[in-house]
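Undergrad: The structure is given below, and queries will be raised subsequently.
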Amino acid sequence: MTKEKTFNFEESMEKLEKIVKSLESENQSLEKSIDLFEKGLSISKELKTHLDKAEKKIEILSKDVDGNLSLDEFKEE
C-alpha cells in the first residue's frame with residue numbers, strides 16, 4: 001500500500017524562491033545552473049497544476065436561480 005504524497009503549496013513556493021535566488025547569484029557552474037533551472041521548471045508546473053485545480057473548485061461555487069450561493073462537488077476528470 002502506497003501513501004500519496006500531499007502537496008504543500010507554500011513549501012513548493014519557498015523551494016522555487018530559493019532556486020531563483022540561487023540562479024540570480026551566479027555562483028554556480030553551468031551544469032549546476034541547468035540542474036537548478038530544470039528543478040525550478042518542475043516545481044512551477046506542479047504549482048500551476050495545483051492552482052488550476054483550485055480555480056476549478058472556486059468556479060463551482062455558484063448562485064442558484066434565487067441568488068443563493070451553492071457549492072457543488074468538484075469532480076476531477
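Undergrad: Does any residue in region 9-38 that is under 19 Å from HIS50 (Cα atoms) come within less than 6 Å, Cβ to Cβ, of a residue that is open to solvent by less than 70 Å² (accessible area, probe 1.4 Å) and among the β-branched types (Val, Ile, Thr) six or more places away or on a different chain, and which pairs are these?
TA: Going by the 6 Å Cβ cut-off, the qualifying pairs are SER12/ILE43; LYS15/ILE43; LEU16/ILE43.
Undergrad: Oh, and also: Return only the number of the condition from (1) loosely packed, with under 10 Cβ neighbours inside 10 Å; (2) at pLDDT below 70 that SER25 does not satisfy.
TA: (2)
Undergrad: Considering only residues that are open to solvent by 80 Å² or more (accessible area, probe 1.4 Å) and in contact with a Ser or Thr (Cβ under 9 Å, 6 or more places away or on another chain), look in region 28-59 and name the one that is nearest to THR6 (Cα to Cα).
TA: GLU46
The values are calculated or read from the model by the stated rules, or taken from the named source; none is laboratory data. These numbers were taken from a predicted model, which means no experiment stands behind them. Note that each Cβ is placed from the backbone with ideal geometry, even for glycine, and that neighbours are counted across all protein chains shown. Surface accessibility is based on the protein's heavy atoms, side chains included, excluding ligands, DNA and RNA. Shrake-Rupley method; radii C 1.70, N 1.55, O 1.52, S 1.80 Å.
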